[in-house]
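What follows is a short report on a single structure.
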Amino acid sequence: MIISIASDHAGYPLRKIVADYLIKQGHTVIEGGATAADVPYSYVLAGQKVAKEVLDGTSDRGIVICGTGIGISMVANKFPGIRCALCTNEYMARMSRQHNDANVLAMGARVVGSSLALGIVDAYMNEPFDGGRHQTRVNDMKEQEKELFK
Ligand code: RB5
């Protein structure tokens, strides 16, 4: 898969770990955002970049990381068509795929340790969408976007 991943400065160290991990698994990774942990970078810009790349088909999925995961998930979810799931454990990541067909994963680098983060990434990358009644609900979300953004 082609994965867009970006972070602010707070998410930078975890972003590097996650990007390396995905590359070793054979994924193509498009990285963006902060250039170092001690050089401030807005989570807004990082979230926008990933959301745009997922929506225009540059990448198949996105991963966004900031300190808490909150700001950057808010940014991503303001883009119609993005279903960004802020996950703090593997169960949430599995469910975000099975039930919500999440196309962006958000994590907080100050919230989850790196081994838990990689478990969350595994669940997000490997869990299929269940479809069925969950497809109906995702379709309803899309209808809501059409109504609110027309
Ligand atoms: C940066 O200090 C911090 O505000 C940011 O990483 C994030 O946690 C915001 O939601």
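Side notes on the structure shown:
- Shown is the FRET efficiency for residue 98 and residue 16, computed with R0 = 30 Å from the Cβ-Cβ distance and rounded to the nearest 0.05: 0.55.
- Positive-end ranking of 117, 65, 36 along the dipole of the chain, with charges on Cβ about the Cα centre, is headed by 65.
- Summed residue charge, Cβ within 14 Å of residue 93's Cβ, Lys/Arg positive, Asp/Glu negative: 0
- Under-23-angstrom lysine pairs by C-alpha in the range 6-150, whenever the two are 8 or more apart or on separate chains: 15
- Value of [θ]222 nm, deg cm²/dmol, for the chain, DSSP H segments ≥ 4, -39500 (n - 2.57) each, nearest 500: -15000 deg cm²/dmol
- Listed residue (141, 9, 89) projecting farthest to the positive dipole end of the chain, Cβ model: 141
- Within the chain: Cβ-based charge dipole about Cα centre, in debye rounded to nearest 20 (Lys, Arg +1; Asp, Glu -1): 140 debye
- Zone of residue 139's modelled label, taken as backbone nitrogen in the range 77-103 under 16 Å from a point 7 Å along Cα→Cβ: 100-101
- Between helix 12-24 and the chain: long-axis angle, C-alpha atoms, 0 to 90°, nearest 10: 70 degrees
- Among 35, 68, the sequence by solvent-accessible area, most first, with a 1.4 Å probe is 35, 68.
- Electrostatic dipole magnitude of the range 45-90 [Cβ: Lys, Arg +1; Asp, Glu -1; Cα centre; debye, to 20]: 140 debye
- Taken about its Cα centre, the range 7-95 carries a charge dipole of roughly 180 debye when the Cβ of each Lys and Arg holds +1 and the Cβ of each Asp and Glu holds -1.
- Applied to the range 143-150, the Karplus parametrisation 6.51 cos²θ - 1.76 cosθ + 1.60 on θ = phi - 60° returns per-residue 3J(HN,Hα) values of 4, 4, 4, 4, 5, 6, 10, 7 Hz, with x for Gly and Pro.
- Whole-Hz ³J(HN,Hα) from phi, Karplus 6.51 cos²θ - 1.76 cosθ + 1.60, for the range 101-116, glycine and proline x: 6, 4, 10, 9, 9, 10, 9, x, 5, 8, 10, 10, x, 5, 6, 5
- Residue ranges 132-144, 90-102, 22-34 sort as 90-102, 22-34, 132-144 when ordered by packing (mean number of other C-beta atoms within 10 Å per residue, highest first).
- Extending 7 Å from the Cα toward the beta-carbon at both residue 150 and residue 2 defines two label points whose distance is 3.2 nm.
- Across the range 83-100, rounded Karplus estimates of 3J(HN,Hα) from the backbone phi angles (6.51 cos²θ - 1.76 cosθ + 1.60, θ = phi - 60°) give 10, 9, 10, 7, 10, 10, 7, 5, 4, 4, 5, 4, 5, 4, 8, 4, 9, 10 Hz, Gly and Pro being marked x.
The values are calculated or read from the model by the stated rules, or taken from the named source; none is laboratory data. Just so you know, these numbers come straight off a predicted model, no measurement behind them. Reconstructed Cβ throughout: ideal geometry from the backbone, glycine too, with neighbour counts over all protein chains shown. Surface accessibility is based on the protein's heavy atoms, side chains included, excluding ligands, DNA and RNA. Shrake-Rupley method; radii C 1.70, N 1.55, O 1.52, S 1.80 Å.
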